Amino acid sequence: MKKIFPLIVVLITLSVAGIMLIQMSWINKALELRRDEFQRAIDKTLNESAQEIQDQFMTKQQTHLFNKSDRSYYLENNFTTQGFFSRDELHGIIENTLRQNGIKQPFEFCILNIFRNPVFSSDGFKQEDIPNSYNIGLANDKSAMQQEVLYLSVPEDKGIIIREMGWMIIVSIVFTTIIVLAFAVTVRTLFNQKKLSEIKSDFINNMTHELKTPLATISLAIDALTNEKVIHDADKIKIYSSMIKEENKRMNKQVEKILQAARLEKEEIKLNIQKLDTHQIISKVAENMLLQIQEKNGTLSLNLTATNHIIDADDVHFSNIIFNLLDNAMKYSKEAPHIEVQTLNTGNGMLSIKIKDNGIGMDKETQSRIFEKFYRAHTGNLHNVKGFGLGLSYVKAIVDAHSGKIKVESVVGKGSTFTVILPTSLAVAG
Ligand code: ADP
C-alpha cells in the first residue's frame, strides 16, 4: 500500500508526459504536411504559369503548332517574353494561377534572360531574393538558347497553420491543463488524507493513553479498598476514594474535550447568548485553578481594568475559553508558572482579554498552526504534558462564533500571551 501510491504518481506523470509528447509530434507532423502541400501548390503554380505564358506567346505569334515536338522545337528557338508581354500581363497570369492553387498571400516575381539580366521584375522583387525564390525555365528545354527563367518569391504563411490548427491546439492545451490540474488536486487530496489519517491515529493512541492512566489508577485504588488492612481504616478509605474521584474527574474532562471537538466537527455549536460579566467569570475560573497553580509554586494575578466588561455570550463556552487558555498557560510552563490575566477596553466597544504566561513559548511556525485541530507542538523535554491538540481549535471556533478575534504573541523560552477580543454588550456600551 505504501509503495503503490508513489508508483501511481510516477505512472500517471509518465502517461501525461507521453500524451503531451504524442500531441506535440502530431502538431509537428501536421506542420510538415502543410509545408509539403504549400510546396506542391507552388510547383503547380510555376508549371501552370509557364504553360499559360507559352500558350499566350504562341497565340501572339499566331503560330498554331499542334504537334508537341514541333511546338517544343519552336519554343526552344524562339521563346521570349520580351516584347510580347507587358509586366502587368505576366503579373496577372501568375496571380491567377497562384489563387487557383489556393495561395492567397502577396508575391513578387522576376524574369531573367540567359545573361541573367532582368527582363521583367515586380516592384518589390530584389536581386537578393533570387536564391530563396522558386523558379522555372519558361521555354521547354533547359539548354535552350532562349531560356528565360521565372523567379517567384512567396513568403510562407506561417500564420495559416496556426489559424487552421489553432482551435485544435487550444483544445488540446485546455484538456491537458485540466488533466494536469485534476491530477495535482488528486495527489494533494491523497497526501492530505494520508496526513489526516496519521493525525487521527496519533489522536487515538494519545486518547487511549490518556484514558488508560486514570483507569489503571482507579483499578489499583479499588484493589486497595478491598484489601483487608485498608477496609477497616477510615482514613485510607477516604484517600483511595478521593483518588478514584479525582481520576474520574480527569477522565470526564478528557471525554468532555473529545465531545466538544466532535460537536465542532458537526458544526453543532449552539450558543445560549446572555449578558455576561466577564470579570466575574474570569475570577471564578481563576479561583478554581489557583490551587493547582500554587501546588506548582506559581502565581496567578488578575489585572481586570476594563470598565466595560459585560458581553453578550454563552456562559459555558466563555468559561471554557478562559479555562482552556489558563490550563495551557499552566501546562506549558517550565517550572513555577506566573500567569497574568488582564482586561481592557479598546476602541469601538471591544473588550480585550490577555492571558500572559512565562512558559516555554512557541516559534513562529507553531504559532501559525496552534489553532488547527489536533495540532500539537513537540514540547521537547516536557514529556508529561498531555493533550489532544483540540483545546485551541475549540477556543478559536467559539471566539469566531461570538464575532471575536484571537491572537497569540510568543517568544521561545520566555512565554506567550493570548489575546481574545470580543465585542462588549451594546446595551451597556451605550
Ligand atoms: P493541547 O494542549 O491539548 O495539546 P491545544 O489546542 O490547547 O492542545 O494547544 C495546541 C498546542 O499549542 C499545544 O500542544 C502547545 O504546543 C501549544 N500551546 C498552547 N498554549 C501554549 C502556551 N501557553 N505556551 C506554549 N505553547 C502553547
Margin query: Looking at the structure I just gave you, is ILE130 surrounded by 11 or more Cβ atoms within 10 Å (Cβ to Cβ), more than 17 Å from ILE53 (Cβ to Cβ) and modelled with pLDDT under 85?
Written below: no
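Just checking, which of ASN345, ASN384, ASN358 is modelled with pLDDT of 90 or more, surrounded by fewer than 19 Cβ atoms within 10 Å (Cβ to Cβ) and more than 37 Å from the chain's Cα centre (by Cα)?
Checking each option against the conditions leaves just ASN345.
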Checklist line | Residue satisfying all of: in the stretch 247-304; among the acidic types (Asp, Glu) and more than 46 Å from the chain's Cα centre (by Cα); nearest to LYS200 (Cα to Cα) among these | finding: GLU247
Check: Somewhere in the stretch 282-296, is a residue in contact (Cβ under 8 Å) with a residue 40 or more places away in the chain, touching a His at 6+ places or on another chain (Cβ under 9 Å) and not hydrophobic (A, V, I, L, M, F, W, C)?
Finding: no
Item checked: Selected residue (criterion: nearest to ILE311 (Cα to Cα)) from residues of the stretch 405-419 that are more than 7 Å from the ligand (Cβ to nearest atom) and of a type in the set (Ser, Thr, Tyr) -> THR419
Notebook entry, point to check: Which number in (1) part of a helix (DSSP H, G or I); (2) under 25 Å from LYS396 (Cα atoms) marks the one condition that LYS238 misses?
Noted result: (2)
Checklist line | Inter-residue pairs, beta-carbon under 7 Å, first within 16 Å of LYS396 (Cβ to Cβ) and without any contact (Cβ under 8 Å) to a residue 24 or more places away in the chain and in the stretch 317-340, second within 12 Å of the ligand (Cβ to nearest atom) and of a type in the set (Val, Ile, Thr), 6+ apart | finding: none
Notebook entry, point to check: Is it the case that ASN117 is farther than 25 Å from ARG40 by Cα, exposed (fewer than 10 other Cβ atoms within 10 Å of the Cβ) and modelled with pLDDT of 80 or more?
Noted result: yes
Checklist line | Test for VAL255: is it β-branched (Val, Ile, Thr) and either outside any helix (DSSP H, G or I) or away from the ligand (no atom under 16 Å from the Cβ) (or both) | finding: no
Note to self: For the structure I just gave you, tell me whether ASP357 is touching a strand residue (DSSP E or B) at 6+ places or on another chain (Cβ under 6 Å) and outside the structural domain of LEU196 (by TED's automatic domain parsing).
What the structure shows: yes
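The values are calculated or read from the model by the stated rules, or taken from the named source; none is laboratory data. As the structure is a prediction and not an experimental result, all values here were calculated from the model. So basically every Cβ, Gly included, is an ideal-geometry build from the backbone, and we count neighbours across all protein chains shown.
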